[in-house]
1. Using only the alpha carbons of region 322-366, determine the length spanned along each of the three principal axes and report them from longest to shortest in whole angstroms.
2. What spacing in nm lies between the two simple spin-label points modelled at LEU189 and ASP171, each 7 Å away from Cα in the Cβ direction?
3. Arranged by the count of other C-beta atoms within 10 angstrom, fewest first, what order do ARG455, ARG249 take?
4. If you stretched the chain out fully between ARG204 and ARG136, how much longer would it get, using 0.36 nm times the residue separation minus the C-alpha to C-alpha distance?
5. For the pair ALA57 and ARG251, how long in nm is the line joining their label points, each one 7 Å along Cα→Cβ?
6. Mind checking which of GLN161, LEU36, GLY135 is farthest towards the positive end of region 10-199's charge dipole, using Cβ charges of +1 (Lys, Arg) and -1 (Asp, Glu) about the Cα centre?
7. Which order do GLU368, GLU283, GLU361, GLU434 fall in if you start with the one that has the fewest other Cβ atoms within 10 Å?
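Coordinate-derived values only; no laboratory data. Since this is a predicted model, take the numbers as computed values, not measurements. For neighbour counting, all protein chains shown are included, and Cβ atoms are generated from backbone atoms with ideal geometry for every residue, glycine included.
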Amino acid sequence: MIAALRQLKERWVSSLRPRLMFGYTVIAVLFMLALLPALRGAFLIALEKSVEKRLAADTGALISAARTDDGKLRMPSKLPDEEFDLPDAQLLGFIYDREGHLVWQSPSTRDISVSYLPRYDGSGDELLRTMDRQGREFYIYDVEIKLLRGQDAAFSIVTMQPASETQALYDDFMKQLYLWLGCALLLLLGLLWFGLTWGFRSLRGLREELDDVESGARERLSDEHPRELLRLTGSLNRLLDSERQQRERYRHSLDDLAHSLKTPLSVLQGATEVIAAKPENREQVHILQAQIERMSQQIGYQLQRASLRKSGLVRHRVLLAKVVDNLCDALDKVYRDKQVDVQRQFDAWLEIPMERAALLELLGNLLENAYRLCLGQVRISAAIADGACHLCVEDDGPGVPVDQRERILRRGERLDAQHAGQGIGTAVVKDIIESYDGELFLEDSELGGAAFHVRL
């Protein structure tokens with residue numbers, strides 16, 4: 001479980017899209033959190049204006065019903081708005097004189113005791129909030145008027161409404177606001193993910209072209225990319241061209257070097273033949289010829305090893321079946337007396353991630369050794385597992401002693417120098433595998449002989 005979580009974390013950190021999506025999500029959430037109080041404040045302002053408008057209309061009804069007689073207020077027994085006359089109504093009416101004395105209150109205020117004391121100070125209309133003794137909150141709309149333009153007929157007309165009615169509207173609004181903001185956030189994140197996916201199409205196309213270049217299906221990247229990526233693709237194309245030209249120059253230099261070394265070796269070989277005409281020089285000539293032959297083999301080996309180094313940028317893939325068929329056809333002719341039975345245990349479509357020349361040299365050495373030492377059976381198996389290619393060549397021969405295996409697989413050690421009659425080009429095989437960051441190890445085969453395992 002811990003390993004899976006660690007792998008998921010590494011994948012998330014190494015991927016650009018999840019990181020961008022996380023950043024966009026944080027920004028979207030912060031935007032919604034900033035938008036929430038703004039919308040709430042706008043709703044409260046609109047709600048208070050609606051309450052103020054209603055209370056102003058109710059106050060206008062009280063003002064129209066009010067009369068004065070000798071500076072004294074006279075109110076009718078039945079008001080135009082029936083809510084003022086109902087004891088349990090949610091609309092309250094009060095009238096105060098200039099000194100703040102209560103001179104009239106509507107029947108609906110029978111059980112209401114509000115601690116509000118208006119003062120006639122000429123401030124005009126005003127919307128306030130207050131609380132009664134029971135802790136209930138009320139909206140108050142206070143209008144200062146002069147009936148008949150007389151100072152003795154100046155009053156404060158006050159209408160009240162419980163805030164509980166608007167609180168229910170506010171709670172319902174907040175529920176709807178959270179719901180719609182949540183839906184908007186999910187929709188926004190979905191659109192952002194779609195936008196990121198659509199935007200990464202260009203990068204996905206570039207990745208596919210790079211895979212084609214690595215597999216050898218194409219030599220250069222195309223120019224069919226967004227303008228922002230053209231500079232990158234141009235740089236990669238120049239790098240690919242430079243590497244390709246460098247590899248060609250390297251191969252030509254190796255060919256020239258091989259040709260230049262063959263001539264002096266041929267001259268030396270001819271000189272030894274002249275010297276060998278004298279009987280007294282035959283022993284020295286034999287030693288000289290052996291050293292010349294050894295020099296020729298070492299030069300060929302080193303040139304071949306250098307030419308099989310893999311490319312730094314371009315990876316090749318070779319169909320294993322074709323290479324095995326070519327090698328087995330040649331080895332069957334060389335060892336026709338043995339009539340070797342070769343078992344192939346791999347899919348026909350399986351591809352090995354290396355250059356064809358390198359694979360030919362690697363398998364050629366392993367199969368030649370298996371053909372030479374086997375009694376009659378050779379097995380070639382290969383598969384892709386855990387992101388790596390596994391290749392194995394087995395035989396039913398005498399095998400390799402356990403005490404000799406470490407020395408055989410040691411870099412620079414040659415099996416034919418360590419164990420007579422068991423020689424293969426392990427140095428070449430080892431160098432090829434190491435140039436591809438692979439591994440080579442030796443085990444006992446089920447057939448009875450040796451099993452050389454290659455992991456790439």
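1. Result, largest extent first: 34, 21, 14 Å.
2. 2.9 nm
3. Going from sparsest to densest Cβ surroundings: ARG249, ARG455.
4. Roughly 18.1 nm would be gained on extension.
5. 9.2 nm
6. Ranked along the dipole, the leading option is LEU36.
7. GLU283, GLU434, GLU368, GLU361
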